[in-house]
Every structure is written in C-alpha cells, then in structure tokens.
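Reviewing the structure listed below.
The values are calculated or read from the model by the stated rules, or taken from the named source; none is laboratory data. Just so it is clear, the model here is predicted, and its values are computed rather than measured. Because the Cβ atoms are built from the backbone with ideal geometry, glycine has one as well, and the counts that use them run over all protein chains shown.
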Amino acid sequence: MVYAFNGIHERVPLWDHLRKISGQVQGPWAIVGDFNCVIAATERVCGNATAAEMEPFRGCMEDCDVVDIAAIGSLYTWNNKKKPEERIYSRLDRFLVNKAWCDHFLHLCAHFLPEVLFDHSPCLVRSSNTVQGKSSFKYFNMWGSSKEFLPIVRQSWDQSIYSTPLYRLVINLKMVKPALIKLNRDGFSDIEQSTGILQKKVEELQ
C-alpha cells in the first residue's frame, strides 16, 4: 500500500524504493494506493498534467514491470471538491500488478465507487482468488447458431475497462470465456452424447 507525496521531487524516493522491491519480488506483487500523480494527460480534467509529473511515474511502472488491472466505475478517482468552475478531476488511485499476479488470479477487476463525501473514490477489488490452471479453450462454430451468442459476447465485451489496449483485450477475452462456457453447457452439452448415439446406430446398420 502506498500514499505518495504531493510534490514531484518528494515522490522520487518512493519510485526508487519500488524499483528496489521489484528486484526482490519472485511471485505475485500488487502496488495499491494514492500515487498523487497521473500517467497521461487524459487522466486529468480542468488541470495541467506536466511531463515532469508523469514521466517519473511511467518510468517506475516500466522498470517494475507492473500494469493497471482492469477497472470500472469512476475514471477520475479524485477531485478537489471545489465549486464547479474550479473543480479538478484526476486519476490518482491505482491497483498495479505484475505478470505473476495476473497469471495467478482470475477475473481481477478494480471497481472505483462514487466518492460521495470524500475526495477520493473507494476501490473495491474482486477476484476469484484461485490459482489459474492450464486449460484449453476452443471456439465452436455451433455457438454462432444460438440467438443468445451475440448478446452474450456484447454484454461481456462492452464493459468499461481503463487500461492499455492490449490489456483491455486480454481482460475482455477472460470475461467472455466463462459466458461462452455457460452457453455451451446450457445449450450444447448434449451434442457429444447425441453424436455417440448416432455413431452407434450407424455402426449397427453397416
């Protein structure tokens, strides 16, 4: 858990400390909290996001090899609570993880809730909390014949995920997979059994 200082130079020891920890981490690792800076200009509204603020944080993330997990809810996790014409919105809170964390936890997602009376949005993180085993997932053309196929895919794909394009693709695929498995179980589970019966009848006719 981290709580970064407001000043750019004051945050430098934090970035250095995280780099030091990353060199010692052998397994899943998460860095969570208020980083008090953004990594892109689009993460701030009605305020300036300078390179001097963003580049040290981006460099630290790259050196530590961590990324944002999928996120839904409030994109801007903080605002200064001033009157509307003076209000500034920023994404200061994050849940960063390394690859080992992503490999071990299924359907990990951060839900940033409305801030209500606070200046920060509470973050609720959900995970199946199970180790991911090696499994093979195959797409079957027969699923496309179901009226439920497109709505299921659309529902799973239309989630608001704030991260890099590649990571959004990975999360979308992970979200649609269990929905298609359920579709297969509910609508096509008897195909294998029916195929076996027909094959037996064919053999009897020969």
Qualifying positions in segment 1-52 - on the phi > 0 side of the Ramachandran plot and over 20 Å from the mean Cα position of the chain (by Cα):
ASN36, CYS46
Touching a Lys or Arg at 6+ places or on another chain (Cβ under 9 Å), at positive phi and in contact (Cβ under 8 Å) with a residue 24 or more places away in the chain - does that describe any residue in segment 83-105?
no
Inspect all residues belonging to segment 120-132 and state whether any of them is closer than 24 Å to CYS37 by Cβ, in contact with a strand residue (DSSP E or B) (Cβ under 7 Å, 6 or more places away or on another chain), at pLDDT 70 or above and not hydrophobic (A, V, I, L, M, F, W, C).
yes
For segment 98-119, enumerate the residues that are crowded, with 20+ Cβ neighbours inside 10 Å, within 22 Å of ASP65 (Cβ to Cβ) and at pLDDT 85 or above.
TRP101, ALA110
Hey, among VAL66, VAL45, VAL38, which residue is surrounded by 18 or more Cβ atoms within 10 Å (Cβ to Cβ), under 26 Å from GLU85 (Cβ atoms) and in the same structural domain as LEU92 (by TED's automatic domain parsing)?
VAL38
Conditions first: (1) surrounded by 12 or more Cβ atoms within 10 Å (Cβ to Cβ); (2) without any contact (Cβ under 8 Å) to a residue 40 or more places away in the chain; (3) not aromatic (Phe, Trp, Tyr). MET1 passes all but one, so which condition is the exception?
(1)
